[in-house]
1. In region 35-54, how many are loosely packed, with under 15 Cβ neighbours inside 10 Å and within 15 Å of Gly291 (Cβ to Cβ)?
2. Need pairs with beta-carbon distance below 7 Å; first residue touching a residue at least 40 places away in the same chain (Cβ under 8 Å) and within region 236-253, second in a helix (DSSP H, G or I) and among the acidic types (Asp, Glu); sequence gap 6+ or separate chains.
3. Determine, yes or no, whether Gly91 is more than 30 Å from Asn132 (Cα to Cα), touching a helix residue (DSSP H, G or I) at 6+ places or on another chain (Cβ under 8 Å), at pLDDT below 95 and not assigned by TED's automatic domain parsing to the domain that holds Ser259.
4. Search region 15-28 for residues that are free of Cβ contacts under 8 Å to residues at least 24 places away in the same chain and pair each with any residue that is surrounded by 13 or more Cβ atoms within 10 Å (Cβ to Cβ) when their beta-carbon atoms are under 6 Å apart and the residues are at least 6 apart or on different chains.
5. Could you check region 269-307 and list, in sequence order, the residues that are among the β-branched types (Val, Ile, Thr) and under 17 Å from Gly241 (Cβ atoms)?
6. Among the residues of region 57-99, write down those that are of a type in the set (Lys, Arg) and surrounded by fewer than 23 Cβ atoms within 10 Å (Cβ to Cβ).
7. Going through Ser279, Ser259, Ser205 one at a time, which residue ends up being assigned by TED's automatic domain parsing to the domain that holds Leu44, more than 13 Å from the chain's Cα centre (by Cα) and modelled with pLDDT of 95 or more?
8. Are any residues in region 160-179 of a type outside the set (A, V, I, L, M) and over 27 Å from Ser205 (Cα atoms), and if so, which ones?
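The values are calculated or read from the model by the stated rules, or taken from the named source; none is laboratory data. Note that the structure is predicted; figures quoted are calculated from it, not measured. Neighbour counts run over all protein chains shown; Cβ positions are idealised from the backbone, glycine included.
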Amino acid sequence: MNYQLILDEVAEEVMSLKNKGKVANYIPALENVDIEQFGMSITLFDGTEYSTGNANTLFSIQSISKVFTFTMALKLYGTDLYKRIGREPSGNPFNSLVQLEYEQGIPRNPFINAGALNVTDSLLSHYHNSINSSNAIFKFIRDIASDNSITYNKNVALSEMDHGFRNIALANLMKSFNNLDNEVDDVVKTYFKHCAIEMNTKMLSRAMLYLANHGVDPINGIRYITEEQAKRINAVMLTCGHYDASGDFAFHVGLPGKSGVGGGIVVVVPKKMGISVWSPGLNSQGNSLLGTKALELFAKKTGLSIF
């Protein structure tokens, strides 16, 4: 299959939508990103990589980081993690306070904001403080992406901290239900720091290979998690990875994936490849407009789907 030709065709076909999304302007540090940018990459199990567009441009991965912190927490705590967090689709906005209060401080899944804050809290408990936790998160992401240059954007992290009132409220609400062990300030600072990590589509497509290969990196042979854990993470990505548009994404694309409000999306094709796409213009559900369409076109042109 000529993947380069397919990627170039996809890039050309989505350009008619390039000005129809909106950037995540509720995070001031992201509101000036050029909305017309588009990049897409795939990485195969032998390390072969194909890209199109702005594949070298670094961007804020935002909620894509939740896949990596969930992986770390699941490895550390196993099924005990589910005592403090669910694994069901939310059907509500990713930052809903109403749902969290109704369900007595137990986040519906690890990919909504409350769930990711709770996962971050579990990492803080294991690594004892924010600095150690952040360093462990950075190391894990650098390892799976095979790129030691990866770091976070301090301005984005500070911007989120200065304007993250709802996330702080979510953390406080969980604290009131005794479902947050550490200080709220430490949890949200660590959370905003890993959301502010910057990567490009080449890095991200490479980073997803361990989930495409049952927990083992197919290039270096390192097992990061068990086969069972990889299966569970992929399942949650399929059902919860795109907030209240997760069902629509599964219907049109048919592959496990996770989006971020920075405009990035990562996708797993089991036993074949990792995929990443980026375009900062978002649809009404907070997912990349061009990115979602590009993945739908890629799935149609290649016939790749888990169904």
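1. Step one: filter region 35-54 for residues loosely packed, with under 15 Cβ neighbours inside 10 Å, giving 36, 46-48.
If we keep only those that are within 15 Å of Gly291 (Cβ to Cβ) too, we end up with 36.
Total satisfying the criteria: 1.
2. The qualifying pairs are His252/Glu296; Val253/Glu296.
3. Values: more than 30 Å from Asn132 (Cα to Cα): yes; touching a helix residue (DSSP H, G or I) at 6+ places or on another chain (Cβ under 8 Å): yes; at pLDDT below 95: yes; not assigned by TED's automatic domain parsing to the domain that holds Ser259: yes.
Judged against the criteria, Gly91 is a match.
4. Filtered contacts from region 15-28: Asn25/Glu31.
5. First pass over region 269-307, keeping only residues among the β-branched types (Val, Ile, Thr): 269, 275, 277, 292, 302, 306.
Those that are among the β-branched types (Val, Ile, Thr) and under 17 Å from Gly241 (Cβ atoms): Val269, Ile275, Val277, Thr292, Ile306.
6. Step one: filter region 57-99 for residues of a type in the set (Lys, Arg), giving 66, 75, 83-84, 87.
Within region 57-99, Lys75, Lys83, Arg84, Arg87 meet the criteria.
7. Working: Ser259 fails: more than 13 Å from the chain's Cα centre (by Cα); Ser205 fails: more than 13 Å from the chain's Cα centre (by Cα).
Criteria check complete, one pass: Ser279.
8. The first filter runs over region 160-179 and keeps only residues of a type outside the set (A, V, I, L, M), leaving 160, 162-167, 172, 175-179.
Correct list: Asp162, His163, Gly164, Phe165, Arg166, Asn167, Asn172, Lys175, Ser176, Phe177, Asn178, Asn179.
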